[in-house]
Structure formats: C-alpha cells, structure tokens
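Notes to accompany the following structure.
The values are calculated or read from the model by the stated rules, or taken from the named source; none is laboratory data. None of the values given here were measured: they were computed from a predicted structure. Ideal geometry is used to build each Cβ from the backbone, glycine not excepted, and the neighbour counts take in all protein chains shown. Side chains included, ligands, DNA and RNA excluded: accessible areas come from the protein's heavy atoms. Shrake-Rupley method; radii C 1.70, N 1.55, O 1.52, S 1.80 Å.
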Amino acid sequence: MSATTAVVRPAGYSVLKLGARGRFLLHRRAALVAASLVVLLAALCVAYLCVGESFVAPGEVLKVVLGRPSADELVVGTLRLPRMVVGLLVGLAFGIAGALIQTVARNPLASPDIIGISQGASALTVGAMTFGITSYTVLPYLSVIGGIAAAALVYAFAWRGGLHATRFVLIGIGFAIALRSVTTLFLTKGDYLVAQQAQIWMTGSLNGRGYDEAAPIGWTLLILLPAVLWAARAQRTVTMDDDTATALGVRLGRVRLGLVALGVILASVATGTAGPVDFVALLAPQIARRMTRTAQIPLLCSALLGAVIVVFADLLARRLFSPTELPVGVLTAAVGAPYLIWLIIRGHGGRRGGNA
C-alpha cells in the first residue's frame, strides 16, 4: 500500500501518516502558505487589540487574553476582544463558504454575495427587523432560513440535467437583484429608526458585536467541522470532469448538493452575524488558490484569508477616519468591487464557457 502510494503521489505533495492506517496527501506549498497566514493573522490580532483611541502595549494585551489582572481590561477585554472574535469567525465562515460554492460552480464569480445567497439572508433579516425583531442572537437563524431558501431557488432554476457554471451564476445574479429589491421594499415600509439600523446592518458592520453574537456562528463552525473536513476531500472529485467522476463511482449530484448546502449555511450565519460583508467570500478563495497553486481551492487557506481580510478591514474601519468608525463592509467593498470588475474583464477576454 505504501509503495503504491509513493508511486502515484502527485508532485508537490507529501504523505502525512496518522496512526497505523491513516495516510493523507499534504500539499507542501499549501501547508507553508497556511502556516504563514496563521502568523500573519496572529500579528493582525495583536495589532487590532493594541490600536485604538488609546494605545495598549502588547504585554498588557497578552495579560488580558490570558486572563490575568490588567488596568486595560475594559478597553481590551470588554471593547476590542469580543468584536475581534466576531470578525475572526465571520471571516472564517465567509472564506469557507466562498471556496465551496466556487468549487461546485467552477467559476470565480460564484460568491454568496454575487449569486443571491447573501441577498436572500438579508431580505428575510431586514424584513424581520422591519417588524420589530432586532436581536442579534435571533437574526443569524433567520439569515440561515433566507439564505437556504434563496440558494434552493437558484439551484432549482439552474439545474438542467446538470449544473452548468454560467447558467448557475447568471440565474444567481438575477435572484440577487430581485431579492435586493425586496429588501429595499422592506426598508421603505418600516419605521425610520429601524430602517436606519437595517441600512447600517446591510453594509456589514462589527460595531457593537460581542460574545452574544459570536456564540451562534462559533457553535455552527464547531458543529459543522466534520462536514468541512469531508468537504476538503470531496472537493477533489468535484474538480474532475463529470465523466471521469461518474466512472469512479462518485455521485456528483449528492456531493455538489452537500458542498453547496454547507457553503450556504456558513454564508448565511455569517451574514446574520455581521451583515452582508461583501466580497470576502469572493476574494479569499481566489487569492488562496493563487498563493498555493493547487488544483482545487484550499479550504484552510481560504478560511484563514477570510479572517485576515475581515480583521484587517475592521482595523482600518475603526482607525482610518477616527473618531468616525466605518462599517467593515465599506472597506471590503472598496477592494472587492475592482477585483470583481477585473475578474469579469479577464473572463470575457480569456476563457469562455462554464469555467469562467
């Protein structure tokens, strides 16, 4: 078995042995990129906790994180740390969701905030806020329902004996436009103060978020961890052409449905927690794939990059125009919108068809 594995092992991979029978292929470059991203994310977290209206020394930050007495407990432990935790979890969820959906669609434009999933979550959430439901512990669950409903509609309309990438993206964009109109209708019908609150939520913001908001998305990520590990392996079969995968006995319809469902749940919970933080799910997987140069989008690197993007963007949002705080979605949109235009131009001028 081990000799056979050594022969068929692709270039750039190593065999990771776990126990007597456990053997996994490990992409060396992806592992190096993931380790680098962990270091970068740790540095960003320290900077996030240090920088603010008042600067806190890294040593004092470490004391607070470790639970030791510190004069900066209020600033770091009460104000900055809970918000940063929410940003980390939201970034992880968006990064994984974007990677899964782009893998199934085989299209870099197939992001939850492009194909209607975030808009479905937003429509139901803003509708609930219009009718007086404003608890951030309830909104994530409503967002999941809205996101799943929107994804089911897109999937059903795009399915024609198979899932064609271009049709999937175009139908998703159509639903996104329609659902955004529904959201606007809710805003015009609601109370002015509630509508103003919903507008801020729709830009994507971590302001005022804490451990109460982190709990639902944290538990969701923990419960779905086995499914994410399964998805990391299932990605390899989805990236094959349909005839090859079918010949190997892979039930592509079920695998694709499982990957999409997992991505939809994560994107919807993240949207309910912080609002539709645009373009994180679009940017993270594509940057991760370019950094690792792997055949499929690496889930771990996508998740870490999603967290890096959200934490860094929120740090800039807090300090760029201090004392005024910007919603984090404003910063991610400022970077993501030009990247989306570049993807469209590149896809139009280069490859055509399903795999844009």
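Using beta carbons and a limit of 6 Å, which pairs, at least six apart or on different chains, have the first residue in region 148-175 and within 20 Å of Arg254 (Cβ to Cβ) and the second one modelled with pLDDT of 90 or more and open to solvent by 60 Å² or more (accessible area, probe 1.4 Å)?
Cβ pairs passing all conditions: none.
Limited to region 323-336, what total is found for residues that are open to solvent by 40 Å² or more (accessible area, probe 1.4 Å) and part of a helix (DSSP H, G or I)?
Adding up the residues that qualify gives 3.
Of everything in region 71-120, what is open to solvent by 10 Å² or more (accessible area, probe 1.4 Å) and at positive phi? Give them in sequence order.
Once the filter is applied, which keeps residues that are open to solvent by 10 Å² or more (accessible area, probe 1.4 Å) and at positive phi, region 71-120 yields only Arg106.
Between Ala270, Ala274, Ala245, Ala232, which is within 14 Å of Thr103 (Cβ to Cβ), at pLDDT 75 or above and surrounded by 16 or more Cβ atoms within 10 Å (Cβ to Cβ)?
Ala232
Of the residues in region 1-59, how many are part of a helix (DSSP H, G or I), at pLDDT 85 or above and polar (S, T, N, Q)?
1
Would you call Arg68 at negative phi, open to solvent by 50 Å² or more (accessible area, probe 1.4 Å) and touching a strand residue (DSSP E or B) at 6+ places or on another chain (Cβ under 8 Å)?
No: the conditions fail for Arg68.
From the list Ser122, Ser181, exactly one residue is more than 23 Å from Ala261 (Cα to Cα) and among the small types (Gly, Ala, Ser). Which is it?
Just a single option satisfies the conditions, and that option is Ser181.
Using beta carbons and a limit of 6 Å, which pairs, at least six apart or on different chains, have the first residue in region 324-335 and more than 17 Å from Gln196 (Cα to Cα) and touching a residue at least 12 places away in the same chain (Cβ under 8 Å) and the second one assigned to a helix (DSSP H, G or I) and open to solvent by 30 Å² or more (accessible area, probe 1.4 Å)?
Matching pairs, first to second residue: Leu331/Leu316.
Condition check: open to solvent by 30 Å² or more (accessible area, probe 1.4 Å), in a helix (DSSP H, G or I), modelled with pLDDT under 80 and more than 27 Å from Leu88 (Cα to Cα). Does Leu193 satisfy that?
Considered against the rule, which asks whether it is open to solvent by 30 Å² or more (accessible area, probe 1.4 Å), in a helix (DSSP H, G or I), modelled with pLDDT under 80 and more than 27 Å from Leu88 (Cα to Cα), Leu193 comes out as yes.
List pairs: first in region 267-291 and aromatic (Phe, Trp, Tyr), second open to solvent by less than 10 Å² (accessible area, probe 1.4 Å), Cβ under 7 Å, 6+ apart or cross-chain?
So the pair list comes out as Phe279/Thr332; Phe279/Gly336.
Is region 302-317 home to any residue that is free of Cβ contacts under 8 Å to residues at least 12 places away in the same chain and open to solvent by 20 Å² or more (accessible area, probe 1.4 Å)?
Checked against the condition, which is being free of Cβ contacts under 8 Å to residues at least 12 places away in the same chain and open to solvent by 20 Å² or more (accessible area, probe 1.4 Å), region 302-317 yields no hits at all.
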